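Chemist: The structure follows.
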Amino acid sequence: MKELLISPVFQILSIIVTGAVAWFFGGKATKNRELKSSDLDNEIKSATYYKGLLDDMAQRLDKAINELMQLETRVLELMKTNRELIDKNNILLEELQKFKQLNGKK
């Protein structure tokens, strides 16, 4: 009779002990998975943040390059205009010298 009572008690105890051991070691594994998952989420958020920054910087760089190209075009136009004005000034100086020579002035 004792054997009939002892056998189920050992089975129940072995189930409880097995469950406790599984819970103990499973808890560590679960915590490790949660930590890895949290780290991965943080890395994804960081990557998204830095991608946004890089996209913004790329847009700013494109805008700055376009402005620089416009300024370069404007500078070239001004240099051409300046050259034309210098040439006209030289022509006027020659005409003034001719006029002075005609009037007897040096």
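Chemist: Return the distance in nm (one decimal) between the two label points of a simple spin-label model at ARG60 and GLU77, each offset 7 Å from Cα along Cα→Cβ.
Modeler: Distance between label points: 2.8 nm.
Chemist: Hey, rough spin-label estimate for GLU67 and ILE15, points 7 angstrom out along Cα→Cβ, what's it come to in nanometres?
Modeler: 7.5 nm
Chemist: Using 5 Å bins from zero, what percent of all Cα-Cα pairs in region 16-106 falls into each bin?
Modeler: 3, 10, 6, 7, 6, 6, 6, 5, 6, 4, 5, 4, 4, 4, 4, 3, 3, 3, 2, 2, 2, 2, 1, 1, 1, 0
Chemist: Once both labels are modelled 7 Å past Cα along the beta-carbon direction, what's the ILE91-LEU35 spacing in nm?
Modeler: Between ILE91 and LEU35, the simple spin-label model gives 8.5 nm.
A short reminder: the numbers here are calculations on the coordinates, not readings from a lab. Please read all numbers here as calculations on a predicted model, not as lab measurements. No Cβ is skipped: glycine too gets one built from the backbone with ideal geometry, and neighbour counts run over all protein chains shown.
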